[in-house]
């Protein structure tokens, strides 16, 4: 009997000891299902995907926090606290560069991240004065010329860039193509001249853009070009060769590269074998940075217009780097309404 009671007593003591051990483990936070407290980490996510905005417009930023347990949050603009929410919307009517910083903290530590937002009154759709067409939707044609004397087209001086924009209105029920827009604008504006050529089943291509500054006509001349085992003949063109501002190249053995501008003060840019057209797309009320443009993989005739879409053209030298010349938005101005 005594032996049986001793065995029971040892069994009860063992259970009590095990329960005490489990209680101790729970007090240490080991098995209660909670993550151990650590210092936070934080990063800023730009939900608007724009680092440069117009005055009065808004950029939405989000604080992405790792280890959120007991973490506080603070947003600062140029050192002044402006919010404690996860989402912060920045806007300013004042131009300049603003440093936006977010800080996450708990009793174990602090972490921060920041970015700069520039506010600038850049070129926007409402600045355009030369409009073609009618309808509730609007798109933009922009052409960037570089003077023929520039050797490095990738890094031209500002004075060597002539960058102009036209507006185009259209009915959303019947969207035209990018090529339709180019042809219609050239027909309306007597200062704009364009060379096009067929690329078979792929459609029409752009071979060059000209601009007559003073309204006295345009004259351009190319030289013979040895290309592989072919000789491309030089050609001379004046405004009389362009019908409604368009010249369609139909002879394959004619050189459309390296035109010299004979009419003083005018602009020409174009080509196919030495330089080629680079077709860029932007969107929105304004395109304020070069990086906002995306390169189009389609010819203009194969792309339907979208509302507030920017169709921008540069020409790029054909070289081993295969680098397309980007538009320079800060140099863009409105084409005059002729």
Task: Helix axis angle, 2-27 relative to the chain longest principal axis, alpha carbon, degrees - done: 30 degrees
TODO: Please find, in a Gaussian network model of the chain (springs between Cα atoms separated by less than 10 Å), the residue of 242, 163, 209 whose mean-square fluctuation is greatest.
DONE: 242
Open item on the list: Can you compute the FRET efficiency between residue 108 and residue 331 using 1/(1 + (r/R0)^6), with r the Cβ-Cβ distance and R0 = 56 Å? Round to the nearest 0.05.
Closed with: 0.65
Open item on the list: Explain nothing, just the number: relative contact order of the range 182-338, from Cα pairs under 8 Å at least 6 residues apart, as a whole percent.
Closed with: 22 percent
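Assuming 0.36 nm per residue, please report the length gained on full extension of the stretch residue 231 to residue 124 beyond their Cα-Cα distance.
Working: separation 107, 0.36 × 107 = 38.52 nm, distance 4.45 nm.
Full-extension gain reported as 34.1 nm.
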TODO: Just grab the label-to-label distance for residue 46 and residue 136, each label 7 Å out from Cα along the Cβ direction, in nm (one decimal).
DONE: 3.3 nm
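Would you kindly state how much longer the chain becomes between residue 116 and residue 283 on full extension, computed as 0.36 nm times their sequence separation minus their alpha carbon distance, in nm to one decimal? If you can, show how the numbers build up before the last one.
Working: separation 167, 0.36 × 167 = 60.12 nm, distance 2.18 nm.
So the chain would gain 57.9 nm between residue 116 and residue 283.
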Open item on the list: Per DSSP helix of 4 or more residues, -39500 (n - 2.57); summed, then divided by the residues of the chain. What does that give at 222 nm, rounded to the nearest 500?
Closed with: -3500 deg cm²/dmol
Task: Full-extension gain in nm, residue 82 to residue 251, via 0.36 nm per residue minus C-alpha separation - done: 54.3 nm
- [ ] Report the residue, chosen from 182, 325, 235, that carries the largest GNM mean-square fluctuation when the chain is represented by alpha-carbon nodes joined by springs under 10 Å.
- [x] 235
Task: Candidate values (i) 18.9, 55; (ii) 20.5, 66; (iii) 32.4, 127, label of the one derived for Rg and Dmax of the Cα atoms in Å - done: (iii)
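If you average 1/r over every pair of different alpha-carbon atoms in the range 67-127 and take one over that average, what Kirkwood value in Å do you get? Before the final figure, lay out each step's value.
Working: mean 1/r = 0.0749 Å⁻¹.
Roughly 13.3 Å, rounded to one decimal.
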TODO: Could you please rank 126, 283, placing first whichever residue has the fewest other Cβ atoms within 10 Å of its Cβ?
DONE: 126, 283
Task: the chain: most fluctuating residue of 197, 252, 142 per GNM, C-alpha cutoff 10 Å - done: 252
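For an R0 of 22 angstrom, estimate the FRET efficiency from the Cβ-Cβ distance between residue 274 and residue 238 and round to the nearest 0.05. Walk me through the intermediate numbers first.
Values: r = 22 Å, r/R0 = 1.02.
Step by step, r from the Cβ atoms, then E = 0.45.
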Task: In degrees, nearest ten, helix 178-188 long axis to first principal axis of the chain (Cα) - done: 40 degrees
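Given a Förster distance of 25 Å, report the FRET efficiency between residue 92 and residue 307 from their Cβ-Cβ distance, rounded to the nearest 0.05.
Given R0 = 25 Å and the Cβ-Cβ separation, E is 0.40.
Among the DSSP beta bridges whose two residues both lie in the range 136-261, what percent are antiparallel, rounded to the nearest 5?
Numbers: 26 of 31 bridges.
Roughly 85 percent of the DSSP beta bridges within the range 136-261 come out antiparallel.
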Task: Rel. contact order, % - alpha carbon contacts under 8 angstrom, at least six apart, the chain - done: 16 percent
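Each value in this text was obtained by applying a stated rule to the coordinates, not by laboratory testing. What you see is a predicted model, and the numbers here were worked out from it, not measured in a lab. Reconstructed Cβ throughout: ideal geometry from the backbone, glycine too, with neighbour counts over all protein chains shown.
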